[in-house]
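K.L.:
First the structure, which I've put down as structure tokens, then a few questions once you've had a look.
The values are calculated or read from the model by the stated rules, or taken from the named source; none is laboratory data. Not measured: the values here are computed from a predicted model. For neighbour counting, all protein chains shown are included, and Cβ atoms are generated from backbone atoms with ideal geometry for every residue, glycine included. Each accessible area value is taken on the protein alone, full model and side chains, heavy atoms only, with ligands, DNA and RNA left out. Shrake-Rupley method; radii C 1.70, N 1.55, O 1.52, S 1.80 Å.
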Amino acid sequence: MAESIDLNGNALVAITRDSLSALRAALFRDVGPNAAALLQEAGFAGGPALYDAFGRWLTAHRLPAPEILAAADFSRRASEFFHDIGWGSIAMGELSTVATIDSSDWAEGDPGHPLEFPGCYYSAGAFADFFGRVAGEPVAVMEVECRSMGAERCRFLVGATEVMQRVYDAMGEGVAYDQAVAAGG
Ligand SMILES: [Zn+2]
């Protein structure tokens, strides 16, 4: 179900996927690895307006506010929303103590510009604020599979900050993300 959305009324601007990809490439070229944090910061800063836009989208579809939307409906509606605003469709799931967000068509993933690491940093930042608002508490988001790496999907892990820190640390020691999560993060 693709629908247009009122960009002006939702404090959104349309940029092309090509621009997003070029911005990331230029940042990593000129800033180096710190570009990741800059992109995350930019995504995070847009979270509140993004969450408000989701609320208005739900209202327009005669659905309840995000906070009271039934969990079973949340994944489907969030997927429709992100698809409608051009980012791509998502499927939400669980992996032990963390939530997963999978997308096979995510806009920030770019198989045409291959990376050796997951590269959807802007999205990870935006998700951190967005899903933190949904959860009512701070969450950390880390992408562990990415279409930019040749994977079939982008996969983001969403979890409590301390859990995600342990997963991150374990991965830094060479542990696969699914094993790190299964070990309790
Ligand atoms: Zn990705």
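K.L.:
Evaluate segment 162-178: report whether one residue or more is within 16 Å of the ligand (Cβ to nearest atom), modelled with pLDDT of 95 or more, in contact with a strand residue (DSSP E or B) (Cβ under 7 Å, 6 or more places away or on another chain) and open to solvent by 20 Å² or more (accessible area, probe 1.4 Å).
P.N.:
Yes; the residues of segment 162-178 include at least one that is within 16 Å of the ligand (Cβ to nearest atom), modelled with pLDDT of 95 or more, in contact with a strand residue (DSSP E or B) (Cβ under 7 Å, 6 or more places away or on another chain) and open to solvent by 20 Å² or more (accessible area, probe 1.4 Å).
K.L.:
Any residue at all in segment 19-29 that's closer than 26 Å to Val163 by Cβ and touching a residue at least 60 places away in the same chain (Cβ under 8 Å)?
P.N.:
So far as segment 19-29 goes, no, none of its residues is closer than 26 Å to Val163 by Cβ and touching a residue at least 60 places away in the same chain (Cβ under 8 Å).
K.L.:
Just one of Leu27, Leu39 is within 21 Å of Arg133 (Cα to Cα) and of a type in the set (A, V, I, L, M); which is it?
P.N.:
The unique qualifying residue is Leu39.
K.L.:
Next question, about the same structure. Considering only residues that are near the ligand (Cβ under 10 Å from one of its atoms), open to solvent by less than 30 Å² (accessible area, probe 1.4 Å) and either more than 15 Å from the chain's Cα centre (by Cα) or not aliphatic (A, V, I, L, M) (or both), which ones fall in segment 121-154?
P.N.:
The answer is Ser123, Glu143, Cys146, Ser148, Cys154.
K.L.:
Out of the residues in segment 93-104 that are more than 16 Å from the ligand (Cβ to nearest atom) and in a strand (DSSP E or B), which is surrounded by the fewest Cβ atoms within 10 Å (Cβ to Cβ)?
P.N.:
Step by step, filter segment 93-104, then rank; the result is Glu94.
K.L.:
Just one of the numbered conditions (1) part of a helix (DSSP H, G or I); (2) out of contact with any His (no Cβ under 9 Å at 6 or more places or on another chain) is not true of Glu80; which one?
P.N.:
Of the numbered conditions (1) part of a helix (DSSP H, G or I); (2) out of contact with any His (no Cβ under 9 Å at 6 or more places or on another chain), the odd one out for Glu80 is (2).
K.L.:
Provide a single number: the residues in segment 75-92 that are closer than 25 Å to Gln179 by Cα and open to solvent by less than 10 Å² (accessible area, probe 1.4 Å).
P.N.:
0
K.L.:
Taking segment 105-117, which residues are at pLDDT 95 or above and open to solvent by 30 Å² or more (accessible area, probe 1.4 Å)?
P.N.:
Asp105
K.L.:
As an exercise: evaluate Gly88 against (1) within 16 Å of the ligand (Cβ to nearest atom); (2) over 15 Å from the mean Cα position of the chain (by Cα); (3) among the small types (Gly, Ala, Ser) and give the number of the one condition it does not meet.
P.N.:
(2)
K.L.:
Return the pair list, or none, for Cβ contacts closer than 8 Å from residues in segment 97-126 that are within 12 Å of Arg24 (Cβ to Cβ) to residues that are small (Gly, Ala, Ser) and more than 13 Å from the ligand (Cβ to nearest atom), at least 6 apart or on different chains.
P.N.:
Ala107/Gly86; His113/Ala25; Tyr121/Ala35; Tyr121/Ala37; Tyr122/Ala42
K.L.:
Based on what the data block shows, is Ala60 open to solvent by 70 Å² or more (accessible area, probe 1.4 Å), within 23 Å of Val13 (Cβ to Cβ) and more than 12 Å from the chain's Cα centre (by Cα)?
P.N.:
yes
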